[in-house]
Amino acid sequence: MRPGWVLRAFAGAGYALLLAPALLVAVISFSAGDFLTFPPPGLSLRWYAALVANAELMAALRNSALLALAVAAVALLTGIPAAYAVARLRFPGRDAIAGLLAAPLLLPTLVLGLALLLALQPLRLAATWPGLLLAHSMIALPFAVRIMTTALAAVPRDLEEAAWTLGATPLRAALRVTLPIAAPGAVAAGALCFLVSFDETVISLFLVGPRLSTLPVEMFRYAENRTDPLVAALAMTLIGVALGVVLLVERLVGFTRALGRE
């Protein structure tokens, strides 16, 4: 049954409401003026050129990209075994472990950031790569576990059992049969973990230092002191990175297949 025109109109209005701020920022990012005004007095690429020439922001961009890649790898390496245990095994306390893995999503990021600062500062891990990696991995892990739990649960258990009857151990069957089928879910989980880390601001504010910062933090600091369209150009860079990752996942595996629904 095809949706009626009323439903399509409401859907279109919803999309317009969601996309309007991004479109507004996109127009301002090409402004030729010196201040954040709409409509802009003219169009220019001057603020994108200024962004590329800003050494601090470019260093923060590099830090965010490297950190997000490392977080995605750590989240997958720890999240896939945890998701397999939750989705495929039966043991006492399984539901409690699943709830514990999702706990970081239930706490405000402000509380998490302060708690991580208090925990990492005595260990001298604040404002360090290991400290940021640990903090970002903690908030990315629940996303990896959730997506991989769905992807692994969609793999028929009969395939593993057939491998057992052919002489494969449970570990070999999981590695050779289950995980390859669920690989699209791993791609989606890694992409989402990358974006979670790349866009994280609140927790990073507690843990960065003068020699190690991330792009969202530098964007926040820049917007505190200046009102020029460079902020809009920086915002569009973040949006472009997120959109590029999403399109890459869709191109490689497709979201429906990645979530184990096909």
| query | If you go through the range 197-205 one residue at a time, do you hit one that is modelled with pLDDT of 85 or more, in a helix (DSSP H, G or I) and polar (S, T, N, Q)? | reply | yes
| message | Please pick out the residue among V241, V231 that is within 19 Å of L195 (Cβ to Cβ) and part of a helix (DSSP H, G or I). | response | V241
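Give the residue that is surrounded by the fewest Cβ atoms within 10 Å (Cβ to Cβ), with candidates limited to residues of the range 67-123 that are charged (D, E, K, R) and not in a loop (DSSP other than H, G, I, E, B). If you could, list the steps in order and put the result at the bottom.
First, the residues of the range 67-123 that are charged (D, E, K, R): 88, 90, 94-95.
After this cut, where a residue has to be not in a loop (DSSP other than H, G, I, E, B) as well, the list is 88, 94-95.
Values: R88: 16, R94: 13, D95: 9.
Ranking the candidates gives D95 first.
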| request: Find the residue count for the range 28-49, including only residues that are aliphatic (A, V, I, L, M), in contact (Cβ under 8 Å) with a residue 12 or more places away in the chain and either part of a strand (DSSP E or B) or surrounded by fewer than 15 Cβ atoms within 10 Å (Cβ to Cβ) (or both). | output: 3
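Please tell me if L110 is more than 22 Å from A189 (Cα to Cα) and touching a residue at least 40 places away in the same chain (Cβ under 8 Å).
Values: more than 22 Å from A189 (Cα to Cα): yes; touching a residue at least 40 places away in the same chain (Cβ under 8 Å): yes.
Here the answer is yes, as L110 does meet what is asked.
In the range 165-185, which residues are in a helix (DSSP H, G or I), under 20 Å from A140 (Cβ atoms) and touching a helix residue (DSSP H, G or I) at 6+ places or on another chain (Cβ under 6 Å)? Before the answer, list the steps.
Let us first name the residues in the range 165-185 that are in a helix (DSSP H, G or I), namely 165, 170-181, 183-185.
Now restrict to residues that are under 20 Å from A140 (Cβ atoms): 179, 183-185.
Hits for the range 165-185 are P184, G185.
Go through the range 47-104 and give me each residue that's of a type in the set (D, E, K, R) and within 20 Å of A186 (Cβ to Cβ).
First pass over the range 47-104, keeping only residues of a type in the set (D, E, K, R): 56, 62, 88, 90, 94-95.
Selection gives R88 alone.
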| Would you call A53 closer than 26 Å to L215 by Cα and surrounded by fewer than 18 Cβ atoms within 10 Å (Cβ to Cβ)? | yes
| task | Starting from residues that are surrounded by fewer than 18 Cβ atoms within 10 Å (Cβ to Cβ) and touching a strand residue (DSSP E or B) at 6+ places or on another chain (Cβ under 8 Å), keep the ones in the range 128-140 and report whichever is modelled with the lowest pLDDT. | result | T128
| Residue list for the range 94-115, filter: more than 15 Å from F143 (Cα to Cα) and hydrophobic (A, V, I, L, M, F, W, C) | A96, L110, V111, L112, L114, A115
| Which one is nearest to S64 (Cα to Cα), of the residues in the range 214-229 that are surrounded by fewer than 23 Cβ atoms within 10 Å (Cβ to Cβ) and in contact (Cβ under 8 Å) with a residue 12 or more places away in the chain? | P216
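Could you list, in sequence order, all residues of the range 237-248 that are aliphatic (A, V, I, L, M), surrounded by fewer than 19 Cβ atoms within 10 Å (Cβ to Cβ) and touching a residue at least 24 places away in the same chain (Cβ under 8 Å)?
The first filter runs over the range 237-248 and keeps only residues aliphatic (A, V, I, L, M), leaving 238-239, 241-243, 245-248.
Restricting the remaining residues to those that are surrounded by fewer than 19 Cβ atoms within 10 Å (Cβ to Cβ) gives 238-239, 242-243, 245-248.
If the condition is that a residue be aliphatic (A, V, I, L, M), surrounded by fewer than 19 Cβ atoms within 10 Å (Cβ to Cβ) and touching a residue at least 24 places away in the same chain (Cβ under 8 Å), then L238, I239, A242, V245, V246, L248 are the ones that fit.
Here are some residues: A189, A242, A183. Which one is under 30 Å from A154 (Cβ atoms), in contact with an Asp or Glu (Cβ under 9 Å, 6 or more places away or on another chain) and not hydroxyl-bearing (S, T, Y)? It would help to see each step written out before you state the result.
Details: A189 fails: in contact with an Asp or Glu (Cβ under 9 Å, 6 or more places away or on another chain); A183 fails: in contact with an Asp or Glu (Cβ under 9 Å, 6 or more places away or on another chain).
Answer to the check: A242.
The values are calculated or read from the model by the stated rules, or taken from the named source; none is laboratory data. Since this is a predicted model, take the numbers as computed values, not measurements. Ideal geometry is used to build each Cβ from the backbone, glycine not excepted, and the neighbour counts take in all protein chains shown.
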